[in-house]
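Engineer: Please find one structure pasted underneath; my questions will follow.
The values are calculated or read from the model by the stated rules, or taken from the named source; none is laboratory data. Keep in mind it's a predicted model, so treat the numbers as computed, not measured. All Cβ positions, glycine included, derive from the backbone under ideal geometry; neighbour counts span all protein chains shown.
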Amino acid sequence: MNNGTDAIQRLRKNITSVYMGNTAAVDRVIISLLARGHVLIEDVPGVGKTVLANALAKSIQCSFARLQCTPDLLPTDIIGVTIYDRNKGEFEFKPGPIFHNIIVADEINRTTPRTQSALLEAMSEASVSVDGHAHALPQPFMVVATQNPYEFEGTYFLPENQLDRFLMRINLGYPAPDDESRIINNQPARNALVSLKPVMTSEEVLALQDRVDKVSMDQALVDYVIALAAAMRDNEDLQIGLSPRGGLALAQAAKATAVIRGRDYCVPEDIVSNVLPVCAHRVISKTYMHAGDTATTRRIVQQVLEAVPSPV
């Protein structure tokens with residue numbers, strides 16, 4: 001595991017040279033990458049959501065595109081469009097920015113649900129269907145989206161099926177005083193981000209993703225994931241519990257956590273540490289019938305986590 005661990009440390013160091021904030025959030029973004037998942041970063045403006053997303057994209061030697069999501073953004077602006085080539089006498093598909101390895105969708109909940117849905121197939125199946133033809137997306141492929149809280153003006157709710165495509169939904173919070181002092185003195189988003197160089201190749205990312213697939217998970221841990229899912233489905237405060245896809249996502253995130261911690265096997269803590277970011281946005285409370293109610297669902301999921309005993 002040494003080579004993989006060294007590569008992950010290089011990636012982490014490169015990102016934290018620009019994003020000077022919540023280091024746990026950096027690890028969660030890397031875990032999502034290794035687990036072949038997508039990540040949604042939600043917080044108030046100005047805490048570094050876009051900086052973190054761009055730092056990850058620029059730290060990997062692969063193609064990336066940045067989408068500034070606005071109300072007038074159209075699905076064709078993401079997927080691409082088929083146009084008629086008069087010289088060839090035939091229609092030709094012009095691929096959009098979705099055909100890059102890493103997509104940074106900034107303020108995704110400021111664009112309309114119709115445009116948000118253009119990402120569904122890409123995030124779920126790593127392909128895009130246009131005019132009856134399926135186009136495979138390059139690998140690795142990852143969407144890193146940022147969004148403002150729903151209480152802010154000019155935002156749209158992300159539908160439940162859109163949220164379910166994100167492996168994790170994370171918050172950054174405000175930086176510690178020492179980190180905020182470094183941000184003010186160094187202004188990394190203005191200076192260092194421009195000159196940030198890749199420290200990991202796309203081949204290394206694919207190799208690490210394959211390594212995640214080979215991480216062993218004892219049957220007791222599989223049963224623990226199933227028990228957590230069952231407890232959420234039976235919880236009287238939840239209208240919709242954790243789906244099988246949610247349980248699979250939790251197991252995959254746990255395996256990726258084991259890899260970044262230098263192990264080829266899972267331990268209970270790998271599951272416990274991922275329950276809230278992986279599960280809270282996939283369940284819906286009875287008191288607020290929408291997956292945007294993160295405070296309530298996180299509280300309920302935390303109660304479930306404390307109630308279900310983990311294996312020794």
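Engineer: For F166, only one of the following conditions fails: (1) among the hydrophobic types (A, V, I, L, M, F, W, C); (2) under 16 Å from G46 (Cβ atoms); (3) touching a His at 6+ places or on another chain (Cβ under 9 Å). What is its number?
Structural biologist: It is condition (2) that F166 fails.
Engineer: Something else about it: Quick one: in region 27-51, which of the residues that are under 11 Å from the mean Cα position of the chain (by Cα), farther than 22 Å from Q116 by Cβ and among the β-branched types (V, I, T) is surrounded by the most Cβ atoms within 10 Å (Cβ to Cβ)?
Structural biologist: Among them, the one singled out is I31.
Engineer: G96 - would you say it is at pLDDT 90 or above and over 24 Å from Q252 (Cβ atoms)?
Structural biologist: yes
Engineer: In addition: Being of a type outside the set (A, V, I, L, M) and farther than 22 Å from D210 by Cβ: is that true of T257 here?
Structural biologist: No; evaluated as a whole, the condition is false for this residue.
Engineer: What number of residues in region 88-144 are buried (at least 17 other Cβ atoms within 10 Å of the Cβ) and part of a loop (DSSP other than H, G, I, E, B)?
Structural biologist: Result for region 88-144: 8.
Engineer: Is it the case that region 53-60 has a residue that's closer than 27 Å to L206 by Cα, in a strand (DSSP E or B), of a type outside the set (G, A, S) and in contact (Cβ under 8 Å) with a residue 60 or more places away in the chain?
Structural biologist: Yes - at least one qualifying residue is present in region 53-60.
Engineer: Given the condition touching a Cys at 6+ places or on another chain (Cβ under 7 Å), in a loop (DSSP other than H, G, I, E, B), among the β-branched types (V, I, T) and in contact (Cβ under 8 Å) with a residue 12 or more places away in the chain, answer yes or no: does some residue in region 201-221 qualify?
Structural biologist: Yes, region 201-221 contains at least one residue that is touching a Cys at 6+ places or on another chain (Cβ under 7 Å), in a loop (DSSP other than H, G, I, E, B), among the β-branched types (V, I, T) and in contact (Cβ under 8 Å) with a residue 12 or more places away in the chain.
Engineer: Limited to region 250-273, what total is found for residues that are touching a Cys at 6+ places or on another chain (Cβ under 9 Å) and among the charged types (D, E, K, R)?
Structural biologist: Total meeting the criteria: 1.
Engineer: Could you list, in sequence order, the residues of region 145-170 that are in contact with an Asp or Glu (Cβ under 9 Å, 6 or more places away or on another chain) and crowded, with 17+ Cβ neighbours inside 10 Å?
Structural biologist: Those that are in contact with an Asp or Glu (Cβ under 9 Å, 6 or more places away or on another chain) and crowded, with 17+ Cβ neighbours inside 10 Å: A145, T146, Q147, N148, T155, R169, I170.
Engineer: Mind checking which residues of region 64-73 are touching a residue at least 40 places away in the same chain (Cβ under 8 Å) and surrounded by fewer than 14 Cβ atoms within 10 Å (Cβ to Cβ)?
Structural biologist: P71
Engineer: Here's another thing I want to ask about it. Just need a number here: residues in region 25-58 that are of a type in the set (S, T, N, Q) and closer than 20 Å to R10 by Cα.
Structural biologist: 2
Engineer: Can you spot a residue in region 7-17 that is in contact (Cβ under 8 Å) with a residue 12 or more places away in the chain, touching an Asp or Glu at 6+ places or on another chain (Cβ under 8 Å), closer than 19 Å to I260 by Cα and of a type outside the set (G, A, S)?
Structural biologist: yes
Engineer: Mind listing whichever residues of region 18-34 are part of a helix (DSSP H, G or I), in contact (Cβ under 8 Å) with a residue 60 or more places away in the chain and not charged (D, E, K, R)?
Structural biologist: A25, V29, I30, I31, S32, L33, L34
Engineer: While we're on this one: If you take the residues in region 173-211 that are surrounded by 14 or more Cβ atoms within 10 Å (Cβ to Cβ) and basic (K, R), which one is modelled with the lowest pLDDT?
Structural biologist: Across region 173-211, the extreme among qualifying residues is R182.
Engineer: Might you check whether a residue that is modelled with pLDDT of 95 or more, over 19 Å from F166 (Cα atoms) and aromatic (F, W, Y) occurs anywhere in region 278-300?
Structural biologist: So far as region 278-300 goes, no, none of its residues is modelled with pLDDT of 95 or more, over 19 Å from F166 (Cα atoms) and aromatic (F, W, Y).
Engineer: Please verify whether region 257-273 includes one or more residues that are free of Cβ contacts under 8 Å to residues at least 40 places away in the same chain and under 15 Å from Q303 (Cα atoms).
Structural biologist: Yes.
Engineer: Give region 182-200 a look and list any residue that's in a helix (DSSP H, G or I) and without any contact (Cβ under 8 Å) to a residue 60 or more places away in the chain, or say none.
Structural biologist: I184, N185, listed by residue number.
Engineer: Inside region 244-288, can you point out the residues that are assigned to a helix (DSSP H, G or I) and of a type in the set (K, R)?
Structural biologist: Result: R245, K255, R282.
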